[in-house]
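Reading through the structure tokens given below for one structure.
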Amino acid sequence: MSAMSSNWDRRSLFKAAAGLAAAGTLAACGSNNGRSDSGGSGTNLTQFFHAYGEAGTEQAIKKYAAAYDKAKVNTQWITGSDFESKLFATLLTKNAPDLFEFHPQIQLVKSGQVADLTDIIDPVKDDFNPADITSHTVDGKIYGVRMIDDPQFFFYRPSLLEKAGVKVPTTLDELIEAAAKLTTSKVKGLFLGNDLHAVINPMIWSAGADTLDDKNQIAYHTDGVIEGIKKMRTLFTSGDLLLDAPADYWDASALNQGLCAMQFCGMWAMPQFQQTLGDDIGVFPFPKVTDSGKPSVYNGGWSMFVNAKGENVEAAKAYVKWLWLDQKTYQEDWATSYGFHIPPRTSIAASATKLKSGLPAEGVKLFTDYGHFDNIGWTQAMITALEDVFANSVRKGGDPEASLDKADKTVNRELKKLFG
Amino acid sequence: MSTTTTRDLARPAPAKASKAKPRRGLRGSSTFNFWLFTGPFLVGLVIFVYVPIGWSIWLSFFEARFTVTPDKFVGFENYRFMLDDNDFVGSLGTFTVFAAFIVPTTWALSLGLALLVNRLRFMRAFFRSVFFLPTACSYVAASLIWKMSIFNGVRFGLANTVIGWFGVDNIAWLANPDPPWYWLVILTARLWLQSGFFMILFLAALQNIPSELYEAAAIDGAKPGWQTFWYITLPQLRATSTAVVLLLLVAAYQAFDEFFNLLSKTTWGRPPLVELYYTALGQNQDYGAGSAGAVMLTLLIVIVTLFQGKLMGFGRGDESK
């Protein structure tokens, strides 16, 4: 101890400080924020995208960005299933992207994370699908630009249905019966995804209910939804449902590899189904759950938002305007060249020849006839609450009423925070 | 003292090096050496451990949704919310089930492997490497292999192929909580990943046991095999066993990767860290509630670790045994 004290002089202190400074410098070497150097001039913008399953999408986004000459736009292509977690966590840091794709959710607006884009959208607002404008609007202001609409419905093999003597289901009961008849030792009747999350909202809509009503109050807790959950439990335990598939519902593999006869999926996968199965492919909406319900299609999709807390809000808005409002060629390319999506711009959708005939046209018709769009008031926490209802009641066999009561508690807590 | 006297009496011819100036720099100052080696770690410890812990405690008393710099003080509301949350409380139950199985099983398996490898007369290095190699594999990579290749629910999954030979139907190992086959998937993955590491610890301890002990025991009539193992080997491994159990318990508390990747978005089979991830970093982005849960979990780990240390005598000197 005394030896230590005797050495504790100014020189030692200086050395120790130098050592710590060196350590700090080393630590700073790791500050990669994902932005490339601008070379001393111009604006750098960073945009986040989740990894699309369709080949060529990443290259397409980078091609569009490279064509923009007012700023250097870097793309971060985030793989994995937890895009939203990474996005939200990064938005709290200095490495937050200037632009990012996501779904319209009011907490993004309430927490001041997304910029008001009304001024750039207003001039072309009438050319957008009105539902896409509504789903991005809070208090009269528009907070995001829809890039693509993604209707989700069932794909099926007509040859297999014909062989089993099954007609295209129009009710959930018929869907359950069809799954049973189509199941063989090698092929399961139906694939709804490994966690069934994709069919939660369609089931609610097809039961004649909704997530929230016009006054932003709970609209999913109905007898029809409870009946639907019980039927889904029957389906889950029937042995006719494909579970634990290597790829999830959004991938065309299950139907294409002959693991199932019917698969819930999105219109984005239509070209892959057609390429593998040729004409032996058809589509139908989520069938009605109760007599008072009606078929439904979830019109998912992705929208572009500007980080309101970023350093380059105006430059990011200018890029959004250039790419997602002015460059119609790129917008059509993005919607129809890498899987099929419906362009949210009415003029582009009307001229997209790939969507005018055959199966794509049938998909567009289902979108038009039965489509339900995102509700901006339906947040991630609420989505999780209903996912838990499905986990506990459909997959685990718990009481639907009790599960919905628990979800109500979470959703009401959210609603109170968002709307008072 | 004696050394000094000796030098005084018979001073050797000074070496050439001794004419050099007093040593400075790296070898000249113990204070400098102390800071050189501990400074970077100390800085890292403060920045990456103590500051986040302090910040987390602070956040736990605020409403921190979508922000880590909140301004709305809510007192113990976040703590009440987490304790009222069946999922968080249930995650502690999940951990208990997991730890109750994985700690003794890994202990027994790694000790068994160490005993086997230690007895080998040839190719010992090969088998030691074979059992140790899984340690180098990432938990995420292993989880994905387990999920997509071995335990997927379709007919060409490895596990389903094997049970198919015996006429058993395909099993959905992870999607269906009843029966809870997911435990088989999770436990086998972790056993595969961590047993090799603890085997090495036991192997080192086994090789430190003096052979005289076994010879003396043999002279006293101890039978080789179980009797020798029970009365000689196992007591000699006490210190290592205690450390291994402690490490296994801490590792069980930290379980995240395989649960997160194998059981994405279920309401069952969530250990505390996965539950806190979904609360604080998942879709909910509730850093206040997540921090409250983290503080409670930390306190629990401290209590359990202290209790376990007291129970097994970890850290006691020989004189206190």
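The values are calculated or read from the model by the stated rules, or taken from the named source; none is laboratory data. Note that the coordinates shown come from a computational prediction; the quantities given were computed from them, not determined experimentally. Because the Cβ atoms are built from the backbone with ideal geometry, glycine has one as well, and the counts that use them run over all protein chains shown. For accessibility, only protein heavy atoms count, side chains too; no ligands or nucleic acids. Shrake-Rupley method; radii C 1.70, N 1.55, O 1.52, S 1.80 Å.
Key figures for this structure:
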{"read-out": "Given (1) open to solvent by 20 Å² or more (accessible area, probe 1.4 Å); (2) more than 13 Å from every other protein chain (Cβ to nearest Cβ); (3) over 28 Å from B:G153 (Cα atoms), index of the condition A:T276 fails", "value": "(3)"}
{"read-out": "Residue count for the stretch B:261-274, restricted to those that are open to solvent by 10 Å² or more (accessible area, probe 1.4 Å), part of a helix (DSSP H, G or I) and in contact with a Phe, Trp or Tyr (Cβ under 7 Å, 6 or more places away or on another chain)", "value": "1"}
{"read-out": "Test: residue in the stretch B:168-189 that is free of Cβ contacts under 8 Å to residues at least 60 places away in the same chain, open to solvent by less than 60 Å² (accessible area, probe 1.4 Å), under 18 Å from the mean Cα position of the chain (by Cα) and under 20 Å from B:T105 (Cα atoms)", "value": "yes"}
{"read-out": "Unique residue being surrounded by 13 or more Cβ atoms within 10 Å (Cβ to Cβ) and on the phi > 0 side of the Ramachandran plot when the list is B:F66, B:F101", "value": "B:F66"}
{"read-out": "From B:L92, B:L111, residue being over 19 Å from B:G269 (Cα atoms) and either within 14 Å of chain A (Cβ to nearest Cβ) or of a type outside the set (S, T, Y) (or both)", "value": "B:L111"}
{"read-out": "Selection from the stretch A:357-399 of residues that are assigned to a helix (DSSP H, G or I), in contact with a Lys or Arg (Cβ under 9 Å, 6 or more places away or on another chain) and within 14 Å of chain B (Cβ to nearest Cβ)", "value": "A:A381, A:T384, A:A385, A:E387, A:D388, A:V389, A:A391, A:N392, A:S393, A:V394, A:R395"}
{"read-out": "Pairs where the first residue, in the stretch A:95-122, is within 17 Å of B:V68 (Cβ to Cβ) and the second is aliphatic (A, V, I, L, M) and open to solvent by 30 Å² or more (accessible area, probe 1.4 Å), C-beta under 7 Å, 6+ apart", "value": "A:G112/A:A308; A:Q113/A:A308"}
{"read-out": "Residue list for the stretch A:174-188, filter: touching a residue at least 40 places away in the same chain (Cβ under 8 Å) and either assigned to a loop (DSSP other than H, G, I, E, B) or closer than 23 Å to B:G167 by Cα (or both)", "value": "A:A179, A:A180, A:L182, A:T183, A:K186, A:V187, A:K188"}
{"read-out": "In the stretch B:120-172, the residues that are more than 25 Å from B:A251 (Cβ to Cβ), modelled with pLDDT under 90, in contact with a helix residue (DSSP H, G or I) (Cβ under 7 Å, 6 or more places away or on another chain) and assigned to a helix (DSSP H, G or I)", "value": "B:R124"}
{"read-out": "Answer from A:K317, A:K416, A:K321 - the residue that is free of Cβ contacts under 8 Å to residues at least 24 places away in the same chain and assigned to a helix (DSSP H, G or I)", "value": "A:K416"}
{"read-out": "Looking only at the stretch A:233-251, and only at residues there that are aliphatic (A, V, I, L, M) and touching a residue at least 60 places away in the same chain (Cβ under 8 Å), the one that is nearest to the other protein chains (Cβ to nearest Cβ)", "value": "A:L241"}
{"read-out": "Hits in the stretch A:177-214 (condition: out of contact with any helix residue (DSSP H, G or I) (no Cβ under 6 Å at 6 or more places or on another chain), open to solvent by less than 10 Å² (accessible area, probe 1.4 Å) and closer than 18 Å to A:S135 by Cβ)", "value": "A:P202, A:T211, A:L212"}
{"read-out": "Any hit, the stretch A:298-321, residues being in contact with a helix residue (DSSP H, G or I) (Cβ under 6 Å, 6 or more places away or on another chain), more than 12 Å from A:L99 (Cβ to Cβ) and among the β-branched types (V, I, T)", "value": "no"}
{"read-out": "Residue in the stretch B:139-146 that is open to solvent by less than 50 Å² (accessible area, probe 1.4 Å) and closer than 26 Å to B:G288 by Cβ present", "value": "no"}
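Here is a yes/no grid of residues against (1) in contact with a strand residue (DSSP E or B) (Cβ under 9 Å, 6 or more places away or on another chain); (2) farther than 23 Å from A:G293 by Cα; (3) at pLDDT 95 or above:
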| site | (1), (2), (3) |
| --- | --- |
| A:A316 | yes, yes, yes |
| A:L323 | yes, yes, yes |
| A:E362 | yes, no, yes |
| A:D374 | yes, no, no |
| A:S403 | no, no, yes |
| A:R413 | no, yes, no |
